[in-house]
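Student: First, the structure itself, so that you have it in front of you.
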Amino acid sequence: MTDERSTWLFGYGSLIWRPDFPWLASRPARIRGWTRRFWQGSHDHRGVSDDPGRVATLIESPGEYCQGRAFLIEPAIFEHLDVREKNGYQRHPVEILFDQGSATGVVYVAPPDNFAFLGQAPLPEIATHINRCCGPSGTNREYLFRLARALREIDAIDPHVFQLERLVRGLSSTQPDFGTGN
Ligand code: SIN
């Protein structure tokens, strides 16, 4: 179900819980060879230049799977998405697996050599970082909490995300948990 007028986009971060674009179809899906990690810096949505937030990217992990949601979109939508994902993400071709069947599609990946990449850190350190940060789109906590909720809705398993959620919920914050941005 894809031709030159439509393309599958695989979402694994804010694209899952804030798809601010029209789509023709949407389904839970997964991709092979990648894992989701809060290793990417966000200067424009969940943090600021001198204190970037931590958001999700994909790390190459042979044999692993990342669960998310696929959207069938018209190619013109990429003009909007390229701006939304401009802080270090690049389009990457990917094979998207559905419960039944598969399709070739696209995923936004922020690779380790991008200017905003923050990389690995102990989970409690990442949790403290997320608990602190806030940007034009809202708090970094909200990004994490909304992602965790969206993953539960599709019965996804992701210990990295759920452990971080637990750690951040255990930290005190005066910031509201949910706002409106991506
Ligand atoms: C995605 O959601 O697929 C890309 C990363 C993000 O925007 O959070």
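Student: For the stretch 119-143, give me each residue that is away from the ligand (no atom under 13 Å from the Cβ), in a helix (DSSP H, G or I) and either free of Cβ contacts under 8 Å to residues at least 24 places away in the same chain or aromatic (Phe, Trp, Tyr) (or both).
Tutor: Selection gives GLU125 alone.
Student: Counting only residues that are among the charged types (D, E, K, R), more than 11 Å from CYS133 (Cα to Cα) and at pLDDT 95 or above, which one in the stretch 38-69 is surrounded by the most Cβ atoms within 10 Å (Cβ to Cβ)?
Tutor: Only one residue fits best here, namely ARG69.
Student: Look at GLN90 and say whether it is away from the ligand (no atom under 16 Å from the Cβ) and either farther than 15 Å from TRP17 by Cβ or surrounded by 13 or more Cβ atoms within 10 Å (Cβ to Cβ) (or both).
Tutor: It is false that GLN90 is away from the ligand (no atom under 16 Å from the Cβ) and either farther than 15 Å from TRP17 by Cβ or surrounded by 13 or more Cβ atoms within 10 Å (Cβ to Cβ) (or both).
Student: Could you please find all residues in the stretch 96-105 being closer than 14 Å to CYS66 by Cα and surrounded by 15 or more Cβ atoms within 10 Å (Cβ to Cβ)?
Tutor: Scanning the stretch 96-105 gives ILE96, LEU97.
Student: State the number of residues belonging to the stretch 1-33 that are in a strand (DSSP E or B) and out of contact with any strand residue (DSSP E or B) (no Cβ under 8 Å at 6 or more places or on another chain).
Tutor: 0
Yes/no per residue for (1) farther than 23 Å from PHE117 by Cβ; (2) touching a residue at least 60 places away in the same chain (Cβ under 8 Å); (3) part of a helix (DSSP H, G or I):
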{"site": "ARG54", "(1), (2), (3)": "no, yes, no"}
{"site": "LEU58", "(1), (2), (3)": "no, no, no"}
{"site": "GLU64", "(1), (2), (3)": "no, no, no"}
{"site": "GLN67", "(1), (2), (3)": "no, yes, no"}
{"site": "ASP82", "(1), (2), (3)": "no, no, yes"}
{"site": "GLY88", "(1), (2), (3)": "no, no, no"}
{"site": "ILE96", "(1), (2), (3)": "yes, yes, no"}
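Condition check ((1) surrounded by 16 or more Cβ atoms within 10 Å (Cβ to Cβ); (2) part of a helix (DSSP H, G or I); (3) within 13 Å of the ligand (Cβ to nearest atom)) across all residues:
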position: PRO112; (1), (2), (3): no, no, no
position: PHE145; (1), (2), (3): yes, yes, no
position: LEU151; (1), (2), (3): yes, yes, yes
position: LEU164; (1), (2), (3): yes, yes, no
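Student: Between a residue in the stretch 10-21 that is touching a residue at least 40 places away in the same chain (Cβ under 8 Å) and any residue that is near the ligand (Cβ under 6 Å from one of its atoms), which pairs come within a Cβ distance under 8 Å, given they are 6 or more apart or on different chains?
Tutor: As it stands, the answer is TYR12/ALA56; GLY13/VAL55; GLY13/ALA56; SER14/VAL55; SER14/ALA56; LEU15/TYR108; PRO19/GLY11, since those pairs meet every condition given.
The values are calculated or read from the model by the stated rules, or taken from the named source; none is laboratory data. These numbers come from a predicted model, not from an experiment. In this analysis, Cβ positions are derived from the backbone assuming ideal geometry, glycine residues included, and neighbour counts consider all displayed protein chains.
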